[in-house]
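The structure appears right after this line, and notes come after that.
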Amino acid sequence: MLRRLLQVMLLAICLTIVFSLSLNHVIAKEEDAVVRYLRGLTFLHEGNYDRAIEEFTKAIELKPDYTEAYEGRGSAYAFKGNHDEAISNFTEAIRLRPDKARPYISRGIVHLHKREYEKAIADFNKAISLDPNDAKAYLSRGTAYLFKRNLKQAIADLTKAIEINTSEPEAYSNRGAAYYFKGDYHRAIDDLNKAIQFNPKYADAYYNRGKVYLSLGNYDKAIIDFTEAVRIRPEDHEAYYNRGVAYFRKSNYEHAVADFTKAINLKPDNAIAYLARGAIYSLKGEHERAIADLNEAIKLNPKDPTAYLNRGFAHENKGDYEQAITDYTKAIELKPDFAKAYFNRGIAYKKKREAEKAVLDFQKVLEISDDPKLRKQAEEQLEELRAK
């Protein structure tokens, strides 16, 4: 959910800011600079950021104090992912026009993208002091607080943005995200419904609402929303992954594997998709496939204890208890309170007829686990071993 707020919504605000600029104050004798600036806007809108930068640069050469051209060039650099150049251009726009709120918002958005939250909030504070009725400033600051998980302040700012502009879909979507993180799922759905009402093609809102339905256990509705998200944005690997999770929880393994595979094809370094697909292969008894996927998950994220746990389970089901124990032990090293890893290792020791080691692991489960089901299973294993 947070990724979309960074990579999609925030840069979209940059574009909105650039296209909302007024040209009324531009002096007529500088028409050549204006033409270059307008060409830059056109290329920016088309996604041709290099050409946009060229045109904005020519506009600046013709009119060195052209604030809007610096903002446009800063936005083009932001879209290219060149954050330092973007900040440099927005800073120059601020130097030229320190009384304008929008360059502060633009620079704050880039700081937010860089996870420089305090710098971002400082810029948004300045923008609000200059223009207390700028909905984008409250939207942006609310989003920054959302990333900091200051949910109370995030909701307050996003609510203010909605009061100023009652039809702002991003504000509803982001406030819905804040309610989601608070666990207030019904308010989250209400806000996401509003976001979709104001923008029926808002892929992020469908994705976010799908996440809420997933948390509520309403897998059918989650699948519908994730399906709409990928229809609007076919390259959305996270929507495919989460739809796969919904199918998995419905025990529809065929569709889940297809979605995890699609997520991997779209993002080959997607460790969590390999982990999920490997888990399904293991459940289906396809242990070699499971191990291959879990090998890849571990290669991509060698500090994930769950990947070692799942690979250990696949090795155990193949009868390779020694390798299973090695993986369970690694999972415990990474997460010392990993009760499930102790339990699984105990089972592997039991199958190897190393009863004393098995007893120690099952006792450890009882020491650290609050899961009633897991504790009961450990107690049953101990009773069985003691009876022999």
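Results, tabulated for the structure shown:
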item	result
R375 being surrounded by fewer than 21 Cβ atoms within 10 Å (Cβ to Cβ), modelled with pLDDT under 95 and not hydrophobic (A, V, I, L, M, F, W, C)	no
Qualifying residue in the stretch 359-367 (condition: surrounded by 19 or more Cβ atoms within 10 Å (Cβ to Cβ) and among the polar types (S, T, N, Q))	no
Some residue of the stretch 51-64 being in a loop (DSSP other than H, G, I, E, B), among the charged types (D, E, K, R) and closer than 30 Å to I162 by Cβ	no
Test set (1) under 15 Å from the mean Cα position of the chain (by Cα); (2) closer than 29 Å to K299 by Cα; (3) of a type in the set (V, I, T) - V230 fails condition number	(1)
Test: T67 is of a type outside the set (A, V, I, L, M) and without any contact (Cβ under 8 Å) to a residue 24 or more places away in the chain	no
Only listed residue being touching a helix residue (DSSP H, G or I) at 6+ places or on another chain (Cβ under 9 Å), in contact (Cβ under 8 Å) with a residue 60 or more places away in the chain and on the phi < 0 side of the Ramachandran plot, chosen from Y219, Y213, Y207	Y207
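Every residue, every condition in (1) part of a helix (DSSP H, G or I); (2) in contact with a Gly (Cβ under 9 Å, 6 or more places away or on another chain); (3) within 28 Å of P98 (Cα to Cα), yes or no:
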| residue | (1), (2), (3) |
| --- | --- |
| G142 | yes, no, yes |
| I162 | yes, no, yes |
| A171 | yes, yes, yes |
| P200 | no, no, no |
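The values are calculated or read from the model by the stated rules, or taken from the named source; none is laboratory data. Because the structure is a prediction, the values reported are computed rather than measured. Cβ sites come from the backbone with ideal geometry, for glycine too, and all protein chains shown count toward neighbours.
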